[in-house]
Amino acid sequence: MKTGILRNGIFRAGVVATAMLTAQAAGAAPKIGAIFDLTGGLNIYGIQQNNALQLAVEEINANGGVLGEPIEVVSYDAQSELSKYTQYANTAILRDKVDALFAGLTSSSREAIRPIVRRANIPYFYSSLYEGGACDKQTFVTGPTASQQLSVLIDWATFKYGKKIYIMAPDYNFGTISAHWVREYAEKMGAEVVGEDFLALTVTDYAPTIQKIQAAKPDYIVALPVGANQTGFLEQFAATGLKDTIGVVSTNYGSGNQQIVVSPEAGKGLIADQGYFMVVDNPVNAEFVKKWVAKYGDDEPIVSEAVDVWNAVHLWARAVEQAETTDTGPVIAALESGLSFEAPNGTVRLEPGSHHLVQNIYIAEGDDRHGFKIIQTYKAVAPVYENQKCDLVANPDLVEHFSPESE
């Protein structure tokens with residue numbers, strides 16, 4: 001089995017960088033823009049995000065489209081370059097005149113896009129797990145936040161392993177803000193962070209970190225490195241034999257199918273928690289996986305970001321139907337009406353004030369066959385922090401990226 005982690009820009013012929021679904025009447029169809037990383041180092045996520053959007057639009061169009069018209073899609077390849085996001089967001093809005101934009105993986109891409117869609121006043125959907133706190137009238141987030149994931153993960157892991165925690169994370173917002181939530185939830189559990197290490201993305205030798213972990217003697221590690229850094233750390237940590245006595249948990253392991261490329265020895269027993277795993281067992285997911293495999297094959301598991309995009313497209317389509325127009329004001333009002341959707345990851349509900357989702361969070365354990373099994377499901381986990389900080393119904397002009405570190 002091969003994975004996008006190894007492809008670096010090579011993707012199946014079914015994904016086209018500038019695909020457009022033909023409308024029955026030029027200019028009559030609702031039009032959406034899609035900007036994802038189809039090439040470059042982030043294509044392991046971007047290809048699946050784009051695939052999910054195309055599949056969702058095909059399903060909606062097969063059922064009559066929205067407002068009786070098929071949805072058009074204008075797609076762009078951001079090439080894993082931040083500058084491309086601003087370029088293509090402007091192009092999608094000014095030239096292609098899209099009604100809504102679906103784009104981005106990294107927080108930096110989201111922050112580059114938000115001012116553009118705010119000025120243009122169109123709905124923007126960001127579909128990825130992230131550090132949390134984005135608050136903007138035009139922005140809707142369908143991935144889980146760090147606090148949503150860590151609130152349940154620290155609870156579970158502390159009962160499972162013990163009360164001594166070591167944090168190993170990248171030295172930027174995702175890592176540092178996630179570490180804040182680890183410390184906060186550890187305190188609530190009566191647990192203790194006995195050490196932490198924030199590393200640059202360029203680090204490849206984890207021996208110094210592993211030595212610190214050995215000295216700190218934690219019961220478990222919250223391991224949050226990204227991409228190749230994550231697989232490198234996990235392999236080096238497993239090689240020491242420390243996995244026999246120290247648990248490893250993560251909010252982002254498996255989000256890019258890292259479980260495929262790590263060795264069975266490194267992957268077995270690792271704990272991940274996310275809003276979606278392909279092995280989630282419900283009828284909606286079974287049908288979704290069936291459609292996905294029929295269109296794209298089963299060379300690799302479906303990542304959580306793909307389902308985040310699928311949910312975003314369906315929520316937008318429902319909002320347009322409810323508003324009976326693609327005009328931004330009525331569509332945002334419909335999105336803020338408490339829309340819910342039976343999704344592959346379970347029922348999701350859009351919170352009117354914060355524009356984030358209430359959704360299930362799943363804890364999964366890695367096996368020695370490059371896969372996962374679900375071992376705990378937390379139903380309807382709310383974005384509590386975002387709900388507390390961000391009420392865009394009461395304060396529609398509020399524009400902020402809240403961070404618990406600055407409080």
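Couple of notes before you dig in:
- Pair list, Cβ < 6 Å and 6+ apart or interchain, from segment 41-52 residues that are under 13 Å from TRP310 (Cα atoms) to residues that are of a type in the set (Phe, Trp, Tyr) and part of a helix (DSSP H, G or I): ASN51/TYR296; ALA52/TRP310
- Residues (in contact with a Gly (Cβ under 9 Å, 6 or more places away or on another chain), in a helix (DSSP H, G or I) and buried (at least 19 other Cβ atoms within 10 Å of the Cβ)) located in segment 207-238: ILE213, GLN230, LEU234, ALA238
- Selection within segment 332-347 - aliphatic (A, V, I, L, M) and surrounded by 24 or more Cβ atoms within 10 Å (Cβ to Cβ): ALA343
- In segment 180-199, the condition of being outside any loop (DSSP other than H, G, I, E, B) and closer than 30 Å to ALA34 by Cβ is met by no residue.
- Against the numbered list (1) more than 24 Å from PRO396 (Cβ to Cβ); (2) surrounded by fewer than 19 Cβ atoms within 10 Å (Cβ to Cβ); (3) of a type in the set (A, V, I, L, M, F, W, C), TRP310 comes up short only at (2).
- So ALA169, is it in a helix (DSSP H, G or I) and closer than 25 Å to ALA382 by Cα: no
- Test: residue in segment 71-90 that is more than 15 Å from VAL313 (Cβ to Cβ) and over 23 Å from the mean Cα position of the chain (by Cα): yes
- Identification of helices (runs of 4 or more DSSP H) wholly contained in segment 239-342 with 1 or more residues that are at pLDDT 95 or above yields 283-296, 304-323, 328-335.
- Criterion: surrounded by fewer than 23 Cβ atoms within 10 Å (Cβ to Cβ) and not basic (Lys, Arg) - qualifying residue of ILE375, ILE302, ILE361: ILE375
- Look at (1) in contact with a Ser or Thr (Cβ under 9 Å, 6 or more places away or on another chain); (2) closer than 30 Å to GLU69 by Cβ and you find that THR326 fails only one, number (1).
- Taken over segment 252-301, the residue count meeting the criterion of being without any contact (Cβ under 8 Å) to a residue 40 or more places away in the chain, out of contact with any helix residue (DSSP H, G or I) (no Cβ under 8 Å at 6 or more places or on another chain) and either within 27 Å of PHE174 (Cβ to Cβ) or polar (S, T, N, Q) (or both) is 0.
- Matching residues, segment 343-368, being among the charged types (D, E, K, R) and part of a strand (DSSP E or B): ARG349, GLU365
- Comparison of PHE237, PHE233 shows that the only residue that is within 21 Å of TYR45 (Cβ to Cβ), touching a helix residue (DSSP H, G or I) at 6+ places or on another chain (Cβ under 9 Å) and among the aromatic types (Phe, Trp, Tyr) is PHE233.
- Summed over segment 82-131, residues that are buried (at least 22 other Cβ atoms within 10 Å of the Cβ), in a helix (DSSP H, G or I) and among the polar types (S, T, N, Q) total 1.
- Of all residue pairs spaced 6 or more apart or on separate chains, none has beta-carbon atoms under 6 Å together with a first member in segment 59-85 that is without any contact (Cβ under 8 Å) to a residue 40 or more places away in the chain and a second member that is crowded, with 21+ Cβ neighbours inside 10 Å and assigned to a strand (DSSP E or B).
The values are calculated or read from the model by the stated rules, or taken from the named source; none is laboratory data. Fair warning: this is a prediction, and the values are worked out from it, not measured in the lab. Heads up, the Cβs are rebuilt from the backbone with ideal geometry, glycines too, and the neighbour counts pull from every protein chain shown.
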